[in-house]
Amino acid sequence: MPAWVDQGPLVLKAFGAPEDLLTEYAWRGPLRLRAARGGVKIRTDSGSFWLRRARVGREQLQAAHLCAEAVHAHGWRPVPRFVRTLYGDPYVVDASGLYYVTPWFPGSVCRFRERRQMQQAVETLAAWQRAALGSLPVADVPPGSTPSAWTDCLRQGMDEVRRMEAAANGAGVSPFQRLVASVADQLKRRLDEAAAQLQRIEFSRLEETAKAAGHVCHGRFHGDALWNDGTVAVVDYEQVHPGLPETDLASWMQRYLPQHDWDVEWTCQLVDQYLNARNVANGERSDAVRVLAALLTIPMPSLQLVRWYVHGALHWDEDDYVDALEAGLEREEGRIRAIRELLRRHALASTSRGKREEIATAAAAPMSPSPDPGETVHAVASVVVPTDEGVVPPAEMAESGAGLVSTAESEPEATLQIRLSPTQRERLQQIQQERRRMREHPDRDRGIRLWGDARSLEESTKPN
């Protein structure tokens, strides 16, 4: 009788899987199980494996299986190929969900704090996208019949900002609602500008063209990459889908570049490195850069915070939400500078000069609430928000030094006007003390994680 019979049912029960699930597979030797990475790690005489419950439907899981097989045949390694059951099926269908097993890959979730990790990331993403080209069937769908996830995100973000703005006019307004209402006009203006840019570059047409050409997006590269022995590994294929490859890079940059304060030089270098690694032809680079610039214009971290707050997706205190939003808004100017420089280096301009200057002025305007007369205002140049362990954080300061060089260093540093309550002032002082400690001891773990969660709201609210 295999050893897992003694302990396996307990682990599987805690995981929410049927106790006899492992009998669907042929194993070698005794099994040792433990919970790991949101699934179950299974150690056997022939190696270690990862049991997971799918977070997607059957059709999407089948797409993940097809993509894994295709990139493996293309020579890509490592690949989370689905281990087939005794009956030859790539996954198990149960009333409690869909389950599948892949090889276990060592490593830790990559936070991309170091320059070499970011370089590895863009090269790995580009190479994976080349290997995945043509791995999924092209859906026979009429053009324009399927709305873009990005344009849908813009619409939902606008709706939620408006709802919170309206709620701020009622009784019992929370500090976070009050803060969102105070910057709602700026958020809506930037959402409108992002939507206008996507329309100008014909984003929907570009997406449909990419799908027809067989391009595949990973969908969660910014949340599922592992760092092991100096390499970045792609280990989760559940969100793969036909689409525009640049959307993967835009999502990754939205999540990880804030920790580097949207360094202008570094942003442009990573984009160029990605385009070179993907072998994007010179004639196609203009479209790729325009797509990236338009997607990076979306104030995604702020929208995500609003959505989390509305749906109660995180176990944060009110002050945590307020601090996170203020820190995110503070980085807006750096992001806009990086986008403008990216377009300038590729000799691109989306509108006439007069309109462009008007948009640039509006985009560069500090997204901070106007202070009331007599209210205490603190001029801050940088805010870092510590978070609880296990919660995907709001923002992170750039690595001190880290070899990053900004072309904007010669520009005068803009100062944002941010209202701080007594509690927030106390927290800011604690943060500043922590920053001094980190400068004095740069080799120590900072204990601060990255802003942004790549998961959908539905997934982020599911119990583990």
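The values are calculated or read from the model by the stated rules, or taken from the named source; none is laboratory data. Predicted model, so just to flag it, every value in this text is computed and none were measured. Cβ placement follows ideal geometry from the backbone for every residue including glycine, while neighbour counts extend to all protein chains displayed.
Structure summary
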{"item": "Odd one out for F105 among (1) touching a Pro at 6+ places or on another chain (Cβ under 8 Å); (2) at pLDDT 95 or above; (3) under 29 Å from Y256 (Cβ atoms)", "result": "(2)"}
{"item": "Number of positions in segment 47-88 that are among the aromatic types (F, W, Y) and in a loop (DSSP other than H, G, I, E, B)", "result": "3"}
{"item": "Pair list, Cβ under 6 Å, 6 or more apart: segment 112-139 residue among the charged types (D, E, K, R) and part of a helix (DSSP H, G or I), other residue modelled with pLDDT of 95 or more and surrounded by fewer than 21 Cβ atoms within 10 Å (Cβ to Cβ)", "result": "E123/A277"}
{"item": "Pair list, Cβ under 6 Å, 6 or more apart: segment 147-165 residue closer than 13 Å to A195 by Cα, other residue in a helix (DSSP H, G or I) and of a type in the set (D, E)", "result": "S148/E207"}
{"item": "Residue count for segment 313-324, restricted to those that are surrounded by fewer than 24 Cβ atoms within 10 Å (Cβ to Cβ), in contact (Cβ under 8 Å) with a residue 60 or more places away in the chain and either charged (D, E, K, R) or under 26 Å from S148 (Cα atoms) (or both)", "result": "4"}
{"item": "Members of segment 61-79 found to be free of Cβ contacts under 8 Å to residues at least 12 places away in the same chain and among the small types (G, A, S), listed by number", "result": "A73"}
{"item": "Residue count, segment 240-260 (criterion: surrounded by fewer than 22 Cβ atoms within 10 Å (Cβ to Cβ) and either among the polar types (S, T, N, Q) or farther than 25 Å from L198 by Cβ (or both))", "result": "1"}
{"item": "1 or more residues at pLDDT 95 or above and over 30 Å from L329 (Cα atoms): qualifying helices (runs of 4 or more DSSP H) within segment 211-283", "result": "264-277"}
{"item": "A196, sole failed condition from (1) under 29 Å from Q239 (Cα atoms); (2) of a type in the set (G, A, S); (3) touching a residue at least 24 places away in the same chain (Cβ under 8 Å)", "result": "(3)"}
{"item": "Qualifying residue in segment 24-46 (condition: assigned to a strand (DSSP E or B), assigned by TED's automatic domain parsing to the domain that holds L12, in contact with a Gly (Cβ under 7 Å, 6 or more places away or on another chain) and over 25 Å from F221 (Cα atoms))", "result": "yes"}
{"item": "Members of segment 90-111 that are more than 15 Å from W50 (Cα to Cα) and touching a residue at least 60 places away in the same chain (Cβ under 8 Å)", "result": "D94, S96, G97, V109, C110, R111"}
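One line per residue, one yes/no per condition, for (1) surrounded by fewer than 23 Cβ atoms within 10 Å (Cβ to Cβ); (2) among the basic types (K, R):
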| residue | (1), (2) |
| --- | --- |
| S204 | yes, no |
| K211 | yes, yes |
| H218 | no, no |
| Q269 | yes, no |
| Y274 | no, no |
| R278 | yes, yes |
